Structure formats: structure tokens, C-alpha cells
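The values are calculated or read from the model by the stated rules, or taken from the named source; none is laboratory data. What you are looking at is a predicted structure, and each value in this text was computed from that prediction instead of being measured. Note: ideal-geometry Cβ built from the backbone for every residue, glycine included; neighbour counts use all protein chains shown.
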2 protein chains.
Amino acid sequence: MNRYLTSEAWRVVEKGFDPANMRSSESIFSIGNGRFGQRANHEEGYSGDHMLGSYVGGVYYPDRTKVGWWKNGYPEYFAKVLNATNWTHIGVEVNGVALDFATAVEVAKFERVLDMRQGLLQRTCEVEVVPGVRVKLETERFINMASPNRAAVRMVVTPLEGVTSLAFEPRLDGGITNEDTNWDDAFWRHDNHESDAAAATSVLVNTTEKTAFTVGVGQALDLEGATWEAQEGEKWTGLRATLDASRAVTLTKFVGVVSSLHEKPEACGDVALGEAEAGRTAGYEAERAMHVKTWEDIWALGDIQIEGDVEAQQAIRFNIFHLNQTYRGDDARLNVGPKGFTGEKYGGASYWDTEAYCLPFFLATHPPHVAEQLLRYRHNQLGKAIENAEKLGFRDGAALYPMVTMNGEECHNEWEITFEEIHRNGAMVLALRNHAEYTGDDTYLSREGVEVAVAVARFWAQRVHWSEYRRAFVMLGVTGPNEYENNVNNNWYTNYLAAWCLRYASDLASRFDSDAAPDERASWVDMANGMCLPQQEGTDIRLQQDGFLDKDLRPADSLDAAERPINQVWSWDRILRSCFIKQADVLQGFYFFPDDFSDDELRSNFDFYEPMTVHESSLSPCVHAILAARLGMEDKAVEMYLRTARLDLDDYNAEAYQGLHITSMAGTWMSVVEGFGGFRVRDGVPHFNTMLPSSWKSYAFKLRFRDRTLEVHVAPEGVAVTRLEGEALSVVVNGESREV
Amino acid sequence: MNRYLTSEAWRVVEKGFDPANMRSSESIFSIGNGRFGQRANHEEGYSGDHMLGSYVGGVYYPDRTKVGWWKNGYPEYFAKVLNATNWTHIGVEVNGVALDFATAVEVAKFERVLDMRQGLLQRTCEVEVVPGVRVKLETERFINMASPNRAAVRMVVTPLEGVTSLAFEPRLDGGITNEDTNWDDAFWRHDNHESDAAAATSVLVNTTEKTAFTVGVGQALDLEGATWEAQEGEKWTGLRATLDASRAVTLTKFVGVVSSLHEKPEACGDVALGEAEAGRTAGYEAERAMHVKTWEDIWALGDIQIEGDVEAQQAIRFNIFHLNQTYRGDDARLNVGPKGFTGEKYGGASYWDTEAYCLPFFLATHPPHVAEQLLRYRHNQLGKAIENAEKLGFRDGAALYPMVTMNGEECHNEWEITFEEIHRNGAMVLALRNHAEYTGDDTYLSREGVEVAVAVARFWAQRVHWSEYRRAFVMLGVTGPNEYENNVNNNWYTNYLAAWCLRYASDLASRFDSDAAPDERASWVDMANGMCLPQQEGTDIRLQQDGFLDKDLRPADSLDAAERPINQVWSWDRILRSCFIKQADVLQGFYFFPDDFSDDELRSNFDFYEPMTVHESSLSPCVHAILAARLGMEDKAVEMYLRTARLDLDDYNAEAYQGLHITSMAGTWMSVVEGFGGFRVRDGVPHFNTMLPSSWKSYAFKLRFRDRTLEVHVAPEGVAVTRLEGEALSVVVNGESREV
């Protein structure tokens, strides 16, 4: 826990500069536009401890796998998110001395602001560069939401005391490295760079090794009265201007960032430079206005208002803000990486988090094509998923989607996850169902969707076998969502999800065009019906796996504080044999299939499992918040909501420095909409079972649903559901049907 | 399978030079004396593919752990067996051209011989160095069994055709590397080297990084008529002499190898040089005679004669030979490494193999102090075993012996092995029992033994817990000897062994001095009595672990040949969830506790498990051979015997190139003595239940037992047990009691 930020409804504000918070602030104040993004590195550079991070969507490096003991089937590489050319840099010299917070005499009146409403990152402060020499520094930057290849930085330096000269050196710097690297490979090959003093422009092009992604970056500068001189190093280029210090200086840097995902490799440099120049031609105010307008549109649909609790209000907006910065939904090759554009850790572009947690957010707060791109991402990778399953001995078109991937190939290399945490495969199919149910449109399902569902069903059909001893289809050797159990038999969640997939795929294959013959489909239904679903005798407790009741069952609050988090204190075997649960597992099933279980069943299982749950995954609290809300357990729901909502802002786990928990941010949104708002779609009809936490005055959110836009407002005086767009429809609010 | 060696009763012979067999021959023809040893690298050097390997007992490097995903509790390093200074080298130039099999025109009449009776490695061949230039090359070397710091090489070069000059350059070369390295660290720091042309001697000293083991190596040369010139490189030193080519030249190189395990670091060079010079003073024939005499003594007790099957005869001697080369029992810091002095793979000095497989061999074929050193090794490391357990959350003096170690610290880093394959702890206690039962002497047990047993019992007592649901003490999350199952619950073998340990430790603690109070001892017996021991209802099948019967049970011979070995073809998850067994697991328990189970029980379990066993561990066939012999299953016993006995000679698994399976060689010995010979100690009385394979005419072995030496001869006409030494005693032969 590290609370150093000021809570405001629309802004995150850091007051006073503390180098100890540098890395976490760089994460929290990250900006991006779904195409590219970056950590909040200081424009003028910083020689203290920090982490440079500039990322371009879809540009990755296949880092050769590092492993202690190779297991047959491991992937050859791990697709690493890549630190790319640093385009923010504007070196500043005051009286010939570099402006650098790490070496300055004092950094006073420091304020860093993330303006979430407008999508702006701002800094202001007064810096005593050397004794008796002081300037005021103001910066603002944005990555253009409206024009996805562009960004801009504005810097204002005002002499305050003892300043005789100011020099500026805006650079494009390709001499960057990754902190996350297995073998210290060179990730980038430098292609070329050039600066044109007369035009006040620079361009730099580099290309990733192995994957050959080219990234071009251009800058076009605007600084009144400047005479630029070209500068260069081995892997950087820039322009330098020295000015007298009689007045405040405003330097504007327009930037273009273009990758070979969208342009021919050889054109990336020119296109990037063209984007930068076009930005300069339009001017900073015009660019900024266009960008802010796009954010206005996003907020118009995506905002959630919480009255009466500014921390809750700020937190939900922070989560919504970062989700929109990470994914824009115009490119089926991109996805929602676990750290988005805020850090390197975990690599990869997609986990099952996308389907299980992020899809509902994008379905509800964006036009339908946005969520559909996420589905297409998986359909495009179906061939790779089939290859992946073949590596593990499956055949006849069975598909296993990877645990972590960029391009569809598995990247993860721990057998208990890579080979065994196969429930992820079910989330791919569940996403299809959710999309169709939400949009009311079967088109995608009937073409691409059925192919995915059938291939996944074939995987399950080969992965289970009939146990004569057990008189059931059993699934041995899996890891469920609770990764604090490995290689267990008959994980209830996985088996339940697999059975559902088998039935659903059979249904889809019979309704739509498919190569699954009737007898194959019938065998799927047989397997689903005969699936082993462990349950404690005489109770309605679903057993997380075979043998769960043999454990020493005790509540997590019986642990000493010094033992928490257990994943940092206990050895792995001790965690595994304990009863403690990392994140929802049986309860994840109750969350995904709410209508399959009564409230009593849910309550029994919640009361059994939640006390043993240590919530050491960022994905845990949101599911528990939703279920607790359904059960009317307000205290638990609010506790879990706060844990998910302010996870990064309050740095609960002291790991914000690595980057933000982007996918769990969607869980925060779900906690409000599906938890407190109690939103579900049942037979095509939106249902709301609301709870208003006593610490809130009211809350409101909007949803796109089957060509309508609905607004839901929950206040002590009642629940209002308003239709803002589209045709009339029925909704059910707290059990009562309404026409809206 | 790669059969290219000639079978003779006392010799292993390679005829004809084939570079493809270079690495495996280097392993198979390895020599050593328990103090140091080496692969059969060519003295004159070899520029083709091969693996240099010279090893000094107890000298290791702590290689920083390499792991994909760190788990709490993993060790910081892996103790690597280290390639040390190459002291065999004698460069030869013929007419100025290096003699090198890889570049020669032809290598004719090549014969390499491992003379096991005398402990000699010999080569003879004719080499056409360049067209029309031929020499005969004869070499012989040995590592002195009688004088453990010494070795000698004799080389004879005879000009055959077109030879005008011969040059020799015997070197000591410290510029060596390890193939097995995690991070390409420099393992050695070079200290100094020097050659004295007048004295015809050289010395080289180097020291391991981090562990600071110093190794000094000296050479003293004898070559009639030579004028030596000193030569040196950065990390080598040597002497060069050029001779006319009118006659055969005999060069003798006497070597000393000394490490700081036995001398002060600063003295290692001088002592090594002194050993080399002392060897030269004594002369080659005298040194050789002393060495051969020591081997005679070893064979006098250790030999097994098999008449009628030369392959079986050669194989058993090959195994006995290498065991004696690996361990001499005069230093409690050394142990029996999995590859001995024949390769680098697996690192470490000891696995549970030592206690489970090697101890009986050393008990039976050597004076008692030899086996006792193996026990002392573990007692000396008890403090580290307690620290190791503390790292995993155990306390109050509970000890967990490491999976792999040099100095007592755990080196292995796979959670399913390191943290979970804990049955190894029981083998430590079983070794104590076996030693006491065998020697009839409780002295060691009463002092050191009881301390080890109590510390291990404390581990088991904390590792199990009472399951109210199961009404038993359960042990969750273990890996049994069958490593094709990971993280299982209630592995029958581990639970049975733990229960035995608890009772045995309680008994020892009550008989001897111990800090285990009566109530602690009583709790151990309660746990042992209440231990969960899974068994199939209505049968006497002990279940390998909970849930074993849910598997798809089918025999290993239902697998396609293309799927074998499954550990090279199948992905790890597929292996884990299959029924296939790597090595004896339940049956290992039947082997260790033969008197606890009836023959019918053994037969049921053997018939159930053996067909599912793929024997992909070198430790598997021997146990099955012994049990099959007990059950009178001659075909199976012989099949299993041949698989263990000729594993390396016939290179069954195409991995001899990595080094030999030293510890499983003890299993071969057990297959004969405990399998066909049916040897057991029951209440202090030796029992023999013999089987004579129909392909053998007879076999005979000797045993030291409680101050006696017995000879057992098994032939169609009957079984003779003769007492060669010591007082009269009773034995039981095929159920009938005899006084011997």
C-alpha cells in the first residue's frame, strides 16, 4: 500500500516530487491511444532510478525461452512487449547545465496531473538547477486518440532566477533496452536516422530482430526564434537550439509513430515524419482539441458517475481511462495486454483475461465492432491453436488456445500453466456466447464463432476419458483459475466449463454450417452429461477438485500477517497443499453461469470458499464483489470493490512500478455494473438487481445493448433506467419488469 | 541401442575407430580411482567432436540457478561437477604435423581396451598422418588405485613409413570449460604454471571461482634421449622435445593431482609435483604393479563370476569396475555422483540413489568403513538439511535432505522435485537400518544414526496432517519415485516409508540418547498407525496415490514404438495424466520392505504395476529384476537384468555420450546378489533364495557379512555357501537352514 496521490473526481494528482515513487508514477500516469503508448517518463530525461517505456501495439520480440529443466512441448520463445524508440525526449540545459530532477538542487511546487477527462499528462514545477539558478517547467503531452499515429508535447520553460541561457535538444532515441530480457539479446536493429535543421524535423527508423517489425518515428518542432542545429549519436537523432533567457520559452514537439503493421516497412519513416509535420501544420491547439473531443465521446458512453465517494469515483474513472488507452478496437491483431502500454512484465498481448474480464466492458461501452475485433483476434489464430494442441498430442482439428501469446503461438513455459491451465480454452467459447447474447446478433457466431467452438469442443472431447472406476468422464492433470493448485484431477470449474462448451458447440454445429457430424455432436453431449462434477456429499458444495476435503481447511484470517502474501513468504509446495485460494475458482463458475445455480447454492459455496481465498491475483476481488453484491453482502462487496478499484492507485501490492493491472481494470467496471448494478442478460432481456453502498449517494452508468443506449441511475429514491438511443425494450429492475 | 563393443569376460574392447562413437567411448572407457577420474580423451588431442572431462572429487562450482519462473524456496545455485585441468595431454607431431585422428588420412587397426581386471586403459593403432607418413601409436594409462594422488601415461610411437622427425609436447592444460553451464561463467581462476626443462617437470595450479577449491597438477616426464624445452600458453604449460625418427619412442608421463580438500591451497602445486616425481622415481612398472595389485584385492572380494554368458559376465564386471572407480570410501565429503567421473550431467555428488541403491554394494564388497563414510556424509550435512527444511517452513529441528547436493544444500530447482520428491528423506533412515542390520553393529546408529532418524521423523510429523474427512493422517502434494506423477496426494510409497521412519525413529530414540521426549515419540507412533495407505477395495493392490484408478489404465506395450520413450515424445501433461510409470514406486516399497508383504501380495502388485511401467529411469529395471526373481518369473527377471547390466555398454537409451549411469550400476549388482541370489538379511541371518537363469551355467559372488566373508556359488547341481573368513554362522538357503 502506498497512498501518495490526491483524489479528485477527474484527475490523478501527484504533489511534491519523491524519487522513491518515480517508477510507480511512471506507470500510473502512463498515456496511450490503443495504437501506441508509454510510461510517464520525464521529457527532459532523468538520471535517477526509473524505467523508460515506450510501446507500439503488436510490435514484439520472440525472446528465446529461459527454463531450468526443459519439458517436452515447451515453446521456443516468449513474445516480449518491447521498449521502442523514446520520442518524448526534450533535453533542456540551463546555463549549460542539464535540467535533471536527479541532480537539481531542488524541485519545488511539483505537481503531476493525469487529466482523465481530456487525456492529458501535465507537469508543473520550479527547479533550482544549480544554486541560484531557477526555472519554472511546465509540460503537457497527449497521444492523439483522434489521429492514432500522432502525439504532441508542449514544454514551457520560464526563467525565474539567474538564468543566462537555455538550450533545448528534442531527440528521437532508438538506443533503448528492455529490462525484461532472458538473454540480453539486442531486440532492435537500427536502420537509419536523420535530422533536418532547416525543416526542424527528425526521423528515426529501427526494426526488431527476428520478427522484423519496423517502427518509424518522426518529430516536427515549433519554437519561436530558434535556430536549430542537427545532432546525432549512434542510435539517436535530434535538433539543438540555444536561446537567450529573457523570456519564457514554449517548445512544441509534434510526433508521428508508425509501424509496419500499418505501413510498408520502407515507408514507416516517411509516414511518421509526415504525421509529425501534419500535426505541426494543424497546430497544437487544434490537435489537442480533436484529441479532447474524442475523449469526450468515449466518456459520454463509458463514464460511470459515483456521487458521495470521490475515491470510488476517481478509481472507476482511472480504470475506464486506462482500458480505453489500451485498446481501441480497430485492429484484430491487437489485444488487451496484462500491462497494456504501462510496463514490460508478463509480455504477450493476451491472456484469458481478455475473454473472461475485458469483453463485457468493451461490449457495453463501445460500438459492436470494438468487441468483435477481440473475437476475431482468436479466430485469426485458430490455426495456431490447432498447432498448439497438436504439439501436445491432440489431433483432428482440436484447438488449444495459448495461455499467453502475441501471434497465436504459446509463449508460456511452466508445465503446470502452459499445458494444464486449459480452462482458458472455455473462456474463448463463453466470449462467443456473451457477444451473441449481448448484441442479439448471431452473424459472427454463425460463421467464425462456430469454427472456434467446434475446435475447442474437439479438444475437450479428447482431453477427457471415461473412467469405469468412477463411472464418469474425468479430466486429470489440470490447473484451474486458482493457480495455487497445480496438476489436480477433476477441477470442478474446468469440467463444468468443458461440459458447457461441449453442449454449446453441439448446438451451434447443428444450427450453423460445420463439419461436426451428428454422431460427433452426440458424443459431445454424452460427455457433457457424464462429466465428473465433484460435490461434497450431503451438501451443495462443489469441490474445487478431487480430494479437496482432505486439506487442512482453515480461513485465510488465521494466517499471521507476516505470512501474507503467501506467495512471497511460503514455499510453493506449502501453498499447493494448503487450502488457500489465489482467486475465484469454483466461484468463477458461479459467476459465469449465474442462472445455473440458486442463491442458496451460491451462498453455500461463497461461504465455504471465500474465507479461504487470499485474493493474491488482481482478478480475484472483482468476481467476489459481484457475487457478494448478488448475495446482498454489502460490506464484503464494498471491501472487494475497493480492492479492485484502487489496486494500482493505492498500490496495494507494491508492484505498480512494474506497470498497471490493465485487465483487472475491466473487473472493476464489472464490479460496478454487474455487481452493484446487478446487470445480467437473461433470455435477451437486461436485468438489474441493484445495491447502493451506504457510503455512496448514487451512481450511474450507461450501456450499449442491442442497438440501444441505456442509462442506469441508482439512488436511494430508486432506480431509473432511461433509454437514450434506439428502440423501446423491456428490462427487469429488481425483479420488476419495465418498458423503457 | 548402439552395440559396437566386443564382449570379453574381463575386457571391453572397441575395434576400429568411428568418430560417431567418440563421445560414448569417452564415457565407457573412463577411468578413476575414487579421488579423481576422467573420460577417455585421447592423449594426443582430438580436433573432432568430443567432450573433454577430467574431474576431481568434491571440487564443484555453484552455478547460479537458471529458471524460467522463480518459485519461493528455490535454491540460489546448482553445484556443478567441474571439468578440471587436462593432465593427459601429450601432443605428438610427426614430420611437423600434429597427430590427430580427426585430420589423419587413416586410422588403421584401432583397438581401445578397458582392462577391468587391471584397471588399465589401452589404445593401439596405426595412423597415416599425412599421405605416405605412418606411425604406430600405443598408449596405456591408469589412475593409481593404490596411491590416490597419482596417475601415469605411457605412450609408444613407432615410425612405420616416411617418418623423419617426431616431436612430443606433454602438457598440463587449465584452459578448459564445462559444457554444462547455466550462464557461461568462468568456473576457474588460473593461479600459476611453470615448467622446468632440466627437471622435465611441469606444474599448474588453478582455483575455482566462488568455492575456492585449489587443484594442483604436476607432471614428471621420462623420455630417453630427450632434450626438453619449456613451453607455455596463457593457461597451460608443457615441455617439448624433438627426436629423430630412427626408432620407437617410449614416453612416460607421471602425474600428480592434488586438491585443497586434502592439502593447503598454497601447497597443492608442490605436492602434486612431488607425487609426479615420486612416481617417476618409482618407475612405471612399479607404479603399475602396485595399482594392479590393488585392483586384484578389490576383485578378490567384489567380483561376480557368471559362467555360460560372456555378455552377462562382462556387464556385471563393467558395473562393479565403475562403482569402484567412483567411490573409495576414505573421505566423508565425497559420495557417488550420478555420472561419477564420466560426465558432467546432473551435477551434484549425491541423490537418494546412494542410500537406496549404492549402499548395499559397498556394504557387501568392502570393509565396513567404506559404507560408513556414506552414512557420515549425511550426518555431516544434517545441519544443512535442517536449514533446508526451515526454508520450506518446517521448524524444531525437522530435516529435509536435498534432492541433489554437494555440500548439503539443495541444488535442484523444479518445485515438483525439489520440494515434493521428499521420499528421499526416508531413504536416509533406511540406509541406517540396512547398515546396522548388515554389520550387526549399532555403534554408528546409537550416536550419529539416531540424530538423523529423529530429525527426519520430525519432518514427517510436520509434513502430514490429520484429515477429519479421511479419518487418517494424509500427506498431500508429493512426488513419488515415479517422477511421471507430480504433486499427488498420499503416494503409498512415501506414506508407507514415512510411517516406517516414524516408528523406527521412535524406537531408536527410546533405545539411544536423544532429545525426543516420550510424548513426541508417542505422537510419531500414532501418526504411523493412522497413516493413510491407499488400497483398492477388495484387492491387495496398494494404490500409487489417491485417484490412481481414475486413470486410463493400459499396458505400456499398447504404446506405439514411435511413442517410446514417452519422455522424449509426449508432452509433460500427457505423461502425468497417463498411467505409465517411470520406475518402481509402489514396488519400490515392496522391495525395501520384503518381509512386510506376502508373495501373493507382491504378485498382485507386480502384475498390476509392472505392465504399466516404461522403465525410463535407469533405476527401474534392477528393482523389477529382483522382485521378478523372487516371484520366480525368470524371463522377466532376465529381461530386466540385461536392461540394467548392459544399459551403458549397449547404450540402450542413446545417452552414454553424456556419461555413465553410475548409481544404477549398483542396481545391477543387486539384481544378481539380491535378485538371482535372493540374498536378504532377516533377523540377522543371511537368506538366499536362488534362481539360475537357464542361459547361465553358474554364477558366484562373495559377501562380507558381520566380520565374515562368504562365497555363494549357484549351479544346476546346487547352491554352495562357503565361509572364507570369520566365525561360523547360520544361513538359510532356499528355505533350508545351514551352518557355514
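Values as computed for the structure displayed
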{"quantity": "Selected residue [part of a helix (DSSP H, G or I) and modelled with pLDDT of 95 or more] from A:L400, A:L359", "calculated": "A:L359"}
{"quantity": "Selection count, the stretch B:273-319, where residues are in a helix (DSSP H, G or I), closer than 21 Å to B:R643 by Cβ and over 22 Å from the mean Cα position of the chain (by Cα)", "calculated": "1"}
{"quantity": "Residues of the stretch A:549-607 that turn out to be assigned to a loop (DSSP other than H, G, I, E, B) and either hydroxyl-bearing (S, T, Y) or within 29 Å of B:A472 (Cβ to Cβ) (or both), as a count", "calculated": "15"}
{"quantity": "Failed criterion for A:H615 (all others in (1) closer than 19 Å to A:N653 by Cα; (2) within 12 Å of another protein chain (Cβ to nearest Cβ); (3) buried (at least 20 other Cβ atoms within 10 Å of the Cβ) hold)", "calculated": "(2)"}
{"quantity": "Selection count where residues are part of a loop (DSSP other than H, G, I, E, B) and within 27 Å of A:V255 (Cβ to Cβ), scope the stretch A:104-143", "calculated": "5"}
{"quantity": "Counted residues, the stretch B:188-228 - those being out of contact with any Asp or Glu (no Cβ under 9 Å at 6 or more places or on another chain), surrounded by fewer than 22 Cβ atoms within 10 Å (Cβ to Cβ) and assigned to a strand (DSSP E or B)", "calculated": "5"}
{"quantity": "Members of the stretch B:64-87 found to be within 14 Å of chain A (Cβ to nearest Cβ), crowded, with 22+ Cβ neighbours inside 10 Å and either farther than 27 Å from A:I575 by Cβ or touching a Phe, Trp or Tyr at 6+ places or on another chain (Cβ under 6 Å) (or both), listed by number", "calculated": "B:K80"}
{"quantity": "Boolean, A:I90 is of a type in the set (V, I, T), under 26 Å from A:W299 (Cβ atoms) and either surrounded by fewer than 19 Cβ atoms within 10 Å (Cβ to Cβ) or more than 14 Å from chain B (Cβ to nearest Cβ) (or both)", "calculated": "no"}
{"quantity": "Any pair with Cβ under 6 angstrom, 6 or more apart, that starts in the stretch B:6-28 at a residue that is closer than 16 Å to B:R646 by Cβ and ends at one that is part of a strand (DSSP E or B) and among the hydroxyl-bearing types (S, T, Y)", "calculated": "B:V13/B:T6"}
{"quantity": "Filter result (more than 12 Å from every other protein chain (Cβ to nearest Cβ) and not aliphatic (A, V, I, L, M)) within the stretch A:540-559", "calculated": "A:D540, A:R542, A:Q544, A:P555, A:D557, A:S558"}
{"quantity": "Residue under evaluation A:D573, criteria (1) within 14 Å of chain B (Cβ to nearest Cβ); (2) more than 30 Å from B:F394 (Cβ to Cβ); (3) surrounded by 24 or more Cβ atoms within 10 Å (Cβ to Cβ), criterion not met", "calculated": "(2)"}
{"quantity": "Members of the stretch A:368-400 that are away from every other protein chain (no Cβ under 14 Å), out of contact with any Leu (no Cβ under 9 Å at 6 or more places or on another chain) and over 16 Å from A:A453 (Cα atoms)", "calculated": "A:P368, A:H369"}
{"quantity": "Top-ranked residue in the stretch A:401-435 [being among the β-branched types (V, I, T) and more than 10 Å from every other protein chain (Cβ to nearest Cβ); ranked as farthest from the chain's Cα centre (by Cα)]", "calculated": "A:V429"}
{"quantity": "Meets criteria (touching a residue at least 60 places away in the same chain (Cβ under 8 Å) and either surrounded by 21 or more Cβ atoms within 10 Å (Cβ to Cβ) or not basic (K, R) (or both)) for A:G256", "calculated": "yes"}
{"quantity": "Residue list for the stretch B:186-221, restricted to those being within 20 Å of B:N83 (Cβ to Cβ) and of a type in the set (G, A, S)", "calculated": "B:A186, B:S202, B:A212, B:G216, B:G218"}
{"quantity": "Flag if B:E537 is within 14 Å of chain A (Cβ to nearest Cβ) and farther than 25 Å from A:W70 by Cβ", "calculated": "yes"}
{"quantity": "Subset of the stretch A:470-515 that is free of Cβ contacts under 8 Å to residues at least 40 places away in the same chain and more than 14 Å from every other protein chain (Cβ to nearest Cβ) - its residue that is surrounded by the most Cβ atoms within 10 Å (Cβ to Cβ)", "calculated": "A:A499"}
{"quantity": "Which listed residue is among the polar types (S, T, N, Q), in a loop (DSSP other than H, G, I, E, B), without any contact (Cβ under 8 Å) to a residue 60 or more places away in the chain and closer than 30 Å to A:S27 by Cα, from A:S695, A:S618", "calculated": "A:S618"}
{"quantity": "In the stretch B:628-686, residue surrounded by the fewest Cβ atoms within 10 Å (Cβ to Cβ) [restricted to those that are of a type in the set (K, R) and either in contact (Cβ under 8 Å) with a residue 40 or more places away in the chain or in contact with a Pro (Cβ under 9 Å, 6 or more places away or on another chain) (or both)]", "calculated": "B:R682"}
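Listed here are the residues, each with its yes/no results for (1) surrounded by fewer than 24 Cβ atoms within 10 Å (Cβ to Cβ); (2) among the charged types (D, E, K, R).
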residue	(1), (2)
A:M22	yes, no
A:I28	no, no
A:R35	no, yes
A:Q38	no, no
A:G45	yes, no
A:G48	yes, no
A:L52	yes, no
A:Y55	no, no
A:G58	yes, no
